[in-house]
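Data block below; observations after.
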Amino acid sequence: MALATASIPIYIHLPSFAATRLGLSLGQVGAILLLIRIVDFLQDPLLGWMTDRWAQYRSGFAALAMALLAAGCVAVFSLPVQGSPALWLTGGLVVAFTGYSLGTILIYGQSAAFAGSGRTQSQLSLAGWRETGVLIGVTLGAIAPALLSTLHDQSDGYRPFGWLIALLSLIAVALARPLWRKTQLASTRLDWRGLIGSGAGWLLLLAFVNSLPVAVTSTLFLFFVGDRLGLPDLAGPFLILFFIAAGASAPLWGRLARRFGARRVLLVAMVLAIVSFVGAFSLPTGAALPFAAICIGSGVALGADMVILSALFASALSRAGLQAGQAFGIWNFSAKATLAIAAGTVLPLLQYFGYQPGAGNTGAALSALNVSYALVPCALKLAAIALVLGLPRDILDNSS
C-alpha cells in the first residue's frame, strides 16, 4: 500500500505540481521523467543482485527502501526548493524511485519464499492480498492531495501529502518485519539456464509482450483524453477509475485462476482488453460515460495481469530453487523497458503524422492518435495471446 501510494502521484499529479509549484514547463517535466525512467530500469537488475548477494540483510534493505521513498517524496512535494527547481526535482525523484524499485523487488522476490512452496495456488492467493494493498494505495495516492488541501485549508495538499507518504513508509517498515524472516537461497549468481528451464524465462517473454499494450496506452492516455475525446479535465478521474477497477478485480482473478486454470483465465482477460481497446477506437468526441466504461473494462483486464503473471513467475522460481531478487529485478527492468520502447517509437510516429499535443490538429493527425491508442495495443495483445497458446501447458497450468 505504501509503495503504491507513492507511485501514482508521479503519473497523475506531477506535471501539474511541477508547473504550478516549481514553474517548470511540461517539456522540462517530460525530459526529467524520461531521464528518471532510464535510470530506474537500468538499476533494477543491480538492486536485485544486491538483495540476493546479501539476502541475510533483507530487513535492512526494506528499511532502506522505505527511507529512500520517504525522503524522496518529502523532497519533491514537501520541502522548499533549494537552487534550480529542475535539479531539485530530478534529485528527489531519483531518490524516490530508487526506494520504490528496491521495495518492489524485495516484496515480489520474497513472495517466492513467503507463500511457503512453489505451488501456483499459494502464489495466486498471496498475489490477491498483495494487489489489494496496491488498490488501497493507488486510490489513496490519487485522492489524498485534493483531500488534504480541503482539510488543511491550503492552496494545495502536496506539502502534507509528502509527509503522509513518509509516515506510511515508516508504518510499513514496522508492520512488515515478519515478512523478511522467511529464508531464501544463498546463491548470488543468477542461473540463466535454470531460469529458462523452469519456465520463468518464457514467462518473462510473455510479461514483456503483454506489457507493451499497456505501455502504449499509458504513454498516449492524456493525449487521447485531451485531444481525441476533448475531455482533459476528466483525465484524473478516468485514471482513478482505471486503477480502482484493476485493484478491485485482482483478488477475483486470482480465485478464478485457482479454480479454472491460469491459461483460460489469462485468455479471457486478454480478450476483454482487446474489446476495450476496440471500443475506444469508435468513440465520438465528448463520450465521457462510454470511455469511463472502457476504463473499467481495461482496468479489470489489467487486474488479471497484476495477479496471475507475477504469481506464476514466483511459483516457477520457487519450484526450480532459484533466487528471486535478481529475477524480479529483471522482471521490473522488462516492464519499465516497455514504457521506454513505447515512448521512443509511438511518439515520433505521431509527430511524423503531424500530431501536436494540445494544438489544433488535423483529421489525419487525430486519426493517427486514434489508431495508435486503440488499435496498435490490439495487435500487441494478439501477439501475447499467441504466446499464451504456444507456451508449454505445465508452465501456465502447473498448480502442484
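The values are calculated or read from the model by the stated rules, or taken from the named source; none is laboratory data. What you see is a predicted model; the values in this text were computed from it and never measured. Here Cβ is always computed from backbone atoms with ideal geometry, including for glycine, and neighbour counts include all displayed protein chains.
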> Does Met50 satisfy being under 15 Å from Trp180 (Cβ atoms) and touching a Phe, Trp or Tyr at 6+ places or on another chain (Cβ under 8 Å)?
Replying inline: yes
> Among the residues of region 72-93 satisfying the criterion of being of a type outside the set (A, V, I, L, M) and part of a loop (DSSP other than H, G, I, E, B), which is surrounded by the fewest Cβ atoms within 10 Å (Cβ to Cβ)?
Replying inline: Pro80
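The rows are residues; the columns are (1) at pLDDT 90 or above; (2) more than 23 Å from Ser367 (Cα to Cα).
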{"site": "Ile240", "(1), (2)": "no, yes"}
{"site": "Ala248", "(1), (2)": "no, yes"}
{"site": "Pro251", "(1), (2)": "no, yes"}
{"site": "Gly261", "(1), (2)": "no, yes"}
{"site": "Leu267", "(1), (2)": "yes, yes"}
{"site": "Ala273", "(1), (2)": "yes, no"}
{"site": "Pro284", "(1), (2)": "yes, no"}
>> For the list (1) under 19 Å from the mean Cα position of the chain (by Cα); (2) modelled with pLDDT under 90, I need the number of the one condition that Ile165 fails.
In response: (2)
>> basic (Lys, Arg) and buried (at least 19 other Cβ atoms within 10 Å of the Cβ): is that true of Arg263 in this structure?
In response: no
> Going by the structure shown, is Ala335 of a type in the set (A, V, I, L, M, F, W, C) and more than 26 Å from the chain's Cα centre (by Cα)?
Replying inline: no
> Of (1) at pLDDT 75 or above; (2) over 22 Å from Ala172 (Cα atoms), Thr98 satisfies all except one. Which?
Replying inline: (2)
> In region 343-358, what residues are surrounded by fewer than 17 Cβ atoms within 10 Å (Cβ to Cβ), within 22 Å of Phe208 (Cα to Cα) and not small (Gly, Ala, Ser)?
Replying inline: Thr345, Pro348, Leu349
> How many of the residues making up region 184-205 are modelled with pLDDT of 70 or more and either in a loop (DSSP other than H, G, I, E, B) or surrounded by fewer than 22 Cβ atoms within 10 Å (Cβ to Cβ) (or both)?
Replying inline: 4
> Hey, does region 266-287 have a residue that's over 23 Å from Val376 (Cβ atoms), in contact (Cβ under 8 Å) with a residue 12 or more places away in the chain and among the hydrophobic types (A, V, I, L, M, F, W, C)?
Replying inline: no
>> Please go through (1) at pLDDT 75 or above; (2) over 26 Å from Phe238 (Cα atoms) for Leu148 and return the number of the only condition it doesn't satisfy.
In response: (2)
>> Can you confirm whether Gly72 is among the small types (Gly, Ala, Ser) and modelled with pLDDT under 80?
In response: no
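Each row is one residue, and each column tells you yes or no for (1) within 26 Å of Val39 (Cα to Cα); (2) of a type outside the set (A, V, I, L, M, F, W, C); (3) buried (at least 19 other Cβ atoms within 10 Å of the Cβ); (4) at pLDDT 75 or above.
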site	(1), (2), (3), (4)
Leu289	no, no, no, yes
Ala293	no, no, no, yes
Leu302	yes, no, yes, yes
Gln323	yes, yes, yes, no
Phe328	yes, no, yes, no
Ile341	yes, no, no, yes
Gly360	no, yes, no, yes
